[in-house]
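Please treat every number below as a calculation from the coordinates, not as lab data. Model, not experiment: these values are computed from the prediction. Positions of Cβ are generated from backbone atoms using ideal geometry, with glycine treated the same way; all protein chains shown enter the neighbour counts.
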Amino acid sequence: MATAVELERAHGAGHGDDHGHADHPPTSTGLDHRKLLMWAFLASDCMFFGSLIATYMIYRGRAEDLGFAPFPSEILDIPYTSLSAFVLLMSSLTMVLALSAIQKGDHRGLRIWLAATALLGSIFLGGQYFEFTEFYHEGLSLQTNMFGASFFVLTGFHGAHVTIGVIWLLTLLFLSLRGGVKQEDSLDVELAGLYWHFVDIVWIVIFTLVYLIPYEEVSETQTGAFALLGGILRSVAAIF
Amino acid sequence: MASVAQPAGAGAGTQTVARPAFKKESGLWSWITTVDHKRIGLLYGVTAIVYLLIGGLEALVIRTQLIEPNNDLITLERYNEFFTMHGTTMIFLAVMPLSSAFFNYIVPLQIGARDVAFPRLNAFSYWVFFFGGAILSLSWLANAAPNMGWYGYAPLTERGFNLGRNVDFWALGLQVLGIASVAASLNFIITILNMRAPGMTLMRMPLFTWNALIVSILIVMAFPAITIALALLSFDRFAGTSFYIPYIYDEATRQIVARGGDPLLWQHLFWIFGHPEVYILILPAFGIISELIPVFSRKPLFGYAVMVYATATIAFLGFGVWVHHMFTVGLGPVPNSVFSASTMLIAVPTGVKILNWTSTMWGGQLNFTTPMLFAVGLVSQFVIGGISGVMHGSPPIDQHHNDTYFVVAHFHYVLFGGSIFALLAGIYYWFPKFTGRMLSEKIGKLHFWVTFAGFNITFFPMHFLGLEGMPRRYGTYGEGSGLQFWHVVSSLGSYLLGFSFLIFMYNIAVSLQRGKKAGNDPWDGATLEWSIPSPPPVYNFATIPVVRHRDPLWEEKYGQYEGEGHTEEETVETTIAGFKIGEGQAPDEDAVEQAERRAEAGDEHNIHLPNPSFWPVVASLGIFLAAMGLLFSYPRIPIGALDLPLLTAAGIVTLIAGIYGWSLEPAS
Amino acid sequence: MERRDQDDQSPTPRRRSFAFRIVSLTALALVVGLVLVGCGGDNNPYSHISPRSSTTRDIQSLYKLVFWMALIVFIGVQLFIVYTALRFRQRGNEADRPAQIHGNKRLEIAWTLIPAAILLVILIPTIQTMFEFSADAQEGEYVIDVYGKQWWWEIHYPGLGPNGGPLITANEVRLPEDRKIKLQLHSNNVIHSFWAPQLFGKHDVIPGHVNEIGFTPENPGIYYGECTEFCGVAHALMRFTMVVDPQEEFDAWVASYNTERPAFDANPQTGDVSEAPRSFGICIGCHAINGTNAVAAQAGLTGNPYSVGAAPNLTLFGCRDFIAAGALANTPENLAIWLHNPAGVKEGNYMALQIKEGTLTQEQINELVPYLLSLKPAGGCPETARQEQNLHMEQGEE
């Protein structure tokens, strides 16, 4: 449901209400409405992913505690996912190139780089699909344990974001092929780019927290931090 | 000079240019397809008042059930539905949209804009809200009204304990309403940041607009938490996860099996949303009051800058106090101490506001019109709610107060004595702007006093009930418990309160027909909305005004207005801010130049207004259908094999059609 | 004041006196109410302004501090508002607009700092009290496990039951006087909250977590408690009592609890019912009675959370004051009403899944009532605490 709205908002913005009025009064901040909207929306999306990531972190290690295999340490394939993370990062580069092409009025460049970005995004999604099915065959599903539930929900919501991004890029590509994206419409591409870069950055965070950080140390640091805070407060209270 | 209810047209006349002709649309279709912020504001307002009355009736049923011990007017199950729906309705369908109505109607007028930044997104927000409300209301017809409290603590919401669709109506309804709120808020943020008239720096914005901005930011930042919380709940209910389920019972082996979920995750996620939500409900009220008190005291707001910072501080701290809803869950003394401290801290900026409002009145010429009565009523009643809030900000005391009627009394003093008083004040204040006619002052004053008495008789005894140990959400109580007396008082008070709303409705009905003509500026207002006709023309401002002062209209009417007072105020700004938000008094040179150039070029002939559009309705209808599909064939959503209910599939197609139609349609 | 009224042309005096009357009547009623509650508080068993343990006395002294500060602030601010409103109201003869004051830095700083100082005065004892409570919960001479169920309470005394197992009872917590008690709260279903207002504050009973309450009951007597976290249909009918006895009475109760009683057959068809009536057979899937072979019921965390299989342990049922977690007083008539149709007494309860209206015939009920009420120690029920009790809970009338 939420994802539908993003598309909604994004498109409402992308072809927004100020379309084609060169003489429209300048905005108070100097920023275009749609650009500001995208930034505000991304702030909201930060909280969205923040809640999901927090959920994941709370249940991190829960599968091991209860002894419900498969455990993340045995099932996560870091080299494989590093490769797909690299693909997604590269798509940010092609996105930048697409924007710079349209800003220079290079329509052919725009189309090539949009297509490349959408393709890289699709490769990432394909990789995720393969990873999910692989895990499923190894016995990890939403229902298996807390790791399965929180992992699939977190990466699944991210995948949904990437999917929307790919659809958006393909829509732009389609419009461009019909001559609908002019040099002065470069903001349309820039907005898609903002969204795309955001989704990439979120993946870096997820990749680090879910895949890279080894599975024992985190809980210790957490308890350590809480114990420290508790000690400080206890001694403050003791003074009174 | 001293007269306040000025004759029609006596307000300051900026409308000297010839008014451009825009034909006025009418008829049902024009309301469905409208993208005019004023019409959308009215739609929000009318819908919200209908829900306010429905929520009120639900409250009267609750009060009637409790008027005697062991009453069997309604069953306990029904009672649970009533209190859940009362809370949900009042919060999401009455107070929030009523605030949204004022944001929609007033904010663009106060900042000198012709519409909001994204008019169609605005229409979309309203219709999604409308359908979200419909989902919740339809639950009554499906005999599956939500029955687990507006805060829906897991695992009571899980299928093991709540097999029916009650929870699903609630979860989907809130998801849909969340979409509406976030979309509307994004729109307001952009509108306020980007569409201010030349010269209106942030620190010249009316406080109501400031509060609208801050509330919108709160909504945008807080709602994702409940979106995720509800999504995880739905996964638990339909996809076999156990995010909030620590144990399940295996019927086959007759064994309890650990699953590893934690019900406290729900509480954390919910209250990370839920506490900012409290400020989402009350800050618009503070904004309205901050407009009214200066106008009816004929004095500028005392400590404008501090009021802005106080609002921002409340909003910011609002994200750091959620655990005070969880003082009894046993998080331990350390977290409880930290959150007790932050809770008490938040009382400081709130106290500052109370004292600043009173100081605004100090030395003024107070004109006790109906809106002013409600405003001063708020200042006085909110203090009661604020003080009892500090009381249960102390965790040991909260171990007694929590989940008793003391808390019910507390938050009704905040939300009724605060929010609803202010919203009523706002309706009395801006009704002339909405309709061109004044509400009757005579009936209005009667309305105020009956509301005031009914409110206190209903809710003050709840403090006593709480101290006597009456828990919340009890549909019955024992005969020997000694509680009946105050229950009866409270119930009688609630009937009086209900009656006060009849007076209010009567006032609206009569005044719409026979109310005094208002003219542009019936209250000697200070802000831009009073410079234009009532009701405003479609395009609001024939010429976009240039703002040189925080109270632009007073400056225009009383000249020489920005005198002594200002230097001191600016000192306050700079010392407390530490950095510059709103700079000097002269409007930005460029902006004025541009405005003048536009005026010379004949701005009034160059007004672009967005075209009506039905795509927002189509898109929101798609969301509604998708949600209904999930509700009426709900077990069939296995993840993986896309076995969607038909209605949901149709809804998604409609939604996508709406989005693409909207995207490709020219805006104006 | 009067002089001003004469000058005043605008709002008619009549209307103000109407308003004044409403305000003063409301205020009067509220003050009277405050006094009534203040005096009556001691008599109400659920009132938390009548503490009966050191824990609640600590809360009470904190509450008093906060209450008086709150009252002073309340009166001060209200007087400021009312005075301002009266003194500066428009008289209609003002020559000019009032002085346009935009703020006062010093004042505003002052009323930022003063409330902060007041709050600090509240915060410090608050934090102290909290740490004391958490220290209290660490120790305990008697550890008692409380299991929240839908919608009743199961009480376990580890090690006091037969063969060194737990002593299991329901809805009535018997406590020895002047001993440090540590309650451990468990749930395997939904969230409840355990609250005996005169003895301790609320502590939530959360599945997957164990919360602890430490307190020392000081006076023998009967104390009332209730569930305060919304837990479903019959949330309002989930009460309990805490009976505090002198040590020897408590020990006698434990001993009589563990006395062997004649066994009876679990099977109602073939039953050789020595003492229990045949019709009790339908009960033993869920209800256990110590010293008999009615032991099939599931107890504690392993109990079925949402169906049949786990119900209150009925040992010494004849000594309990209430039926169905405080829904009815324990009298023969009420017990018959309950057995006749449990759903009619307590909506939503799981016993009603088995016992519908008419499931038990009148003869069976006539057999069961005397049997259940006969479940008491040979020497009768311990009586000490009962002398001063007055039954505040409802007397059944269904």
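Checking the cross-link pairs B:K445/B:K517; B:K442/B:K516; B:K353/B:K445 against a 21 Å limit on the alpha carbon distance flags B:K353/B:K445 as lying beyond it. The overall shape of the range B:341-490 is oblate: from the C-alpha gyration tensor, with semi-axes ordered a ≥ b ≥ c, the ratio a/c is 1.5 or greater and a/b is no larger than b/c.
Under the rule a/c < 1.5 gives rounded, and otherwise a/b versus b/c splits prolate from oblate, where does the range A:27-129 land using the Cα gyration tensor? Oblate, since a/c reaches 1.5 and b/c is not below a/b.
Annotation: lysines with alpha-carbon distance below 22 angstrom to A:K104 (same-chain offsets under eight excluded): A:K35, A:K182. Over the range B:169-280, the reciprocal of the mean inverse Cα-Cα separation, the Kirkwood hydrodynamic radius, stands at 16.5 Å. Remark: A:W203, B:W266 ranked as A:W203, B:W266, counting other beta-carbon atoms within 10 Å and listing the fewest first. Between the residues A:M146, A:L89, A:A54, the greatest Cα displacement towards the positive end of the dipole of the range A:32-213, with unit charges on the Cβ of Lys, Arg, Asp and Glu, is found for A:L89.
Peptide C:195-208 shows a mean partner chain C-beta count of 6 within 10 Å per residue C-beta.
Please compute the net charge surrounding A:S141, taking Lys and Arg as +1 and Asp and Glu as -1 over other residues with Cβ under 15 Å from its Cβ. Computed value for this residue: -3.
For the range B:461-569, report the % of Cα-Cα distances exceeding 19 Å.
Here the tail beyond 19 Å accounts for 69 percent of pairs.
Of the beta bridges in the range C:142-398, as assigned by DSSP with both residues counted there, near 70 percent are antiparallel.
Averaged over its residues, how many other protein chain Cβ atoms are within 10 Å of peptide B:70-76's Cβ atoms?
3
The packing ranking, built from the mean of other Cβ atoms within 10 Å per residue, places the peptides B:369-377, C:209-217 in the order B:369-377, C:209-217, highest first.
In this Cβ point-charge picture (+1 for Lys and Arg, -1 for Asp and Glu), the range B:224-314 has a dipole of about 320 debye about its Cα centre.
Charged neighbours of B:Y105, selected by a Cβ distance under 14 Å, balance to 0 (K, R count +1; D, E count -1).
For chain B, the mean residue ellipticity at 222 nm estimated from helices alone is -21000 deg cm²/dmol, where every DSSP H run of n ≥ 4 contributes -39500 (n - 2.57) and the total is divided by all residues, rounded to the nearest 500.
Computed over the range A:123-220, the quotient of the alpha carbon radius of gyration and 2.2 N^0.38 Å is 1.40.
Averaging 1/r over each pair of different alpha-carbon atoms in the range C:142-398 and inverting the result gives 18.4 Å, the Kirkwood hydrodynamic radius. Think of the range C:142-398 as having a plus end and a minus end, set by charges on the Cβ of Lys, Arg, Asp and Glu; of C:V243, C:F200, C:G148, C:G148 sits farthest toward the positive end of this dipole. Max-minus-min Cα coordinates of the range C:303-369 on each principal axis give 29, 27, 19 Å, with the largest extent listed first. Cα centroids of the range A:157-192 and the range B:349-386: 51 Å apart. Here the residues A:Y211, B:Y428, ranked from fewest to most Cβ neighbours within 10 Å of their Cβ, fall in the order A:Y211, B:Y428.
Taken as Cα centroids, the range B:206-243 and the range C:305-324 sit 42 Å apart, rounded to the nearest whole angstrom. Rounded to the nearest 20 debye, the dipole size of the range A:32-213 about its Cα centre is 540 debye, using +1 on the Cβ of Lys and Arg and -1 on the Cβ of Asp and Glu.
Between the alpha-carbon centres of the range C:190-258 and the range A:46-72 there is a gap of 35 Å. If you bin all the Cα-Cα distances of chain B at 10 Å, starting from zero, the percentages per bin are 3, 15, 25, 27, 18, 9, 3, 0, 0. Across all C-alpha atoms in the range A:32-213, the radius of gyration and Dmax reach 18.1, 59 Å. Per-residue mean of foreign Cβ neighbours for C:128-136 is 6 (Cβ atoms of other chains, 10 Å radius). Taking other C-beta atoms within 10 angstrom as a stand-in for reagent exposure, B:S139, C:S47, C:S134 fall in the order C:S134, C:S47, B:S139, fewest first.
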